[in-house]
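Here the structure comes first, spelled out in structure tokens, and everything after it is commentary.
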Amino acid sequence: MATPVDLLAFLREVRLFTAFAEADLVALAQRLRERTLKKNQVLFREGDPGDEMFLIRRGTVLVSKIVKARVEQLLNRQGPGEFFGEMSLLDGSPRSATIQAETEVTLLTLDHVSLNQLVETSPHAAAVFFYAMVHVFIERLRGSDLRLTEATRWGLEATGLDVEPR
């Protein structure tokens, strides 16, 4: 288990929290809980219920989605300082992907109840947190747009369909 000083030092290095003032970072750190995974352990599967997000403190996880029946596509590999699960934290929706530990992993978790406590007791810290999340969502949405455009272009090229104006 990390000491509060070690935890704050780690959080200061995470891109998501760079705009946090010290008091806001302390308020957030007090709501985080540590969780460990063994190598190859599945944290959750696509479609599972969820209400917490995870920040990777140590190790790497694999992010995958079901393509068809029992076929999964690896989408991403995430390591220290990266996070996932924020959609379920914010709206309680089912998990959009499967997360499996590639190595031994130490996670920091923030659940919906703890986030609500942050809003009530430290509204400034909560506002900074939500502002940082919006920036991440925008960045991820732009990346998704680019991947969708590329996949569409590849599909059109593969079918031989010419969509260029003549």
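Looking only at residues in the stretch 20-33 that are surrounded by 14 or more Cβ atoms within 10 Å (Cβ to Cβ) and in contact with a strand residue (DSSP E or B) (Cβ under 7 Å, 6 or more places away or on another chain), which one is farthest from Ala101 (Cα to Cα)? If we take residues in the stretch 20-33 being surrounded by 14 or more Cβ atoms within 10 Å (Cβ to Cβ) and in contact with a strand residue (DSSP E or B) (Cβ under 7 Å, 6 or more places away or on another chain), then Arg31 is farthest from Ala101 (Cα to Cα).
Selection of the stretch 19-42 for residues being in contact (Cβ under 8 Å) with a residue 60 or more places away in the chain, not in a helix (DSSP H, G or I) and not hydrophobic (A, V, I, L, M, F, W, C) yields Arg31, Arg33, Glu34, Arg35, Thr36, Lys38, Lys39, Asn40, Gln41. Listed by first and then second residue, the pairs with beta-carbon distance under 7 Å, at least 6 apart or on different chains, first residue in the stretch 135-164 and in a helix (DSSP H, G or I), second exposed (fewer than 10 other Cβ atoms within 10 Å of the Cβ), are Leu156/Val163.
Put simply, of Thr60, Thr3, Thr18 the only residue that is closer than 27 Å to Gln73 by Cβ and of a type in the set (Ser, Thr, Tyr) is Thr60. Can you pull out the residues in the stretch 49-63 that are surrounded by 14 or more Cβ atoms within 10 Å (Cβ to Cβ) and either more than 13 Å from the chain's Cα centre (by Cα) or in a loop (DSSP other than H, G, I, E, B) (or both)? Once the filter is applied, which keeps residues that are surrounded by 14 or more Cβ atoms within 10 Å (Cβ to Cβ) and either more than 13 Å from the chain's Cα centre (by Cα) or in a loop (DSSP other than H, G, I, E, B) (or both), the stretch 49-63 yields Gly50, Asp51, Arg58, Gly59, Thr60. When the test is whether a residue is modelled with pLDDT under 95, surrounded by fewer than 13 Cβ atoms within 10 Å (Cβ to Cβ) and not in a helix (DSSP H, G or I), Ser93 passes it.
The residues listed here are Thr3, Thr60; of these, the one that is without any contact (Cβ under 8 Å) to a residue 12 or more places away in the chain and not aromatic (Phe, Trp, Tyr) is Thr3. Condition check for Gln78 on (1) farther than 25 Å from Leu28 by Cα; (2) free of Cβ contacts under 8 Å to residues at least 40 places away in the same chain: one failure, at (1).
The values are calculated or read from the model by the stated rules, or taken from the named source; none is laboratory data. Note that this is a predicted model, so its numbers are computed, not measured. Here the Cβ is made from the backbone with ideal geometry for all residues, glycine too, and neighbour counts use every protein chain on show.
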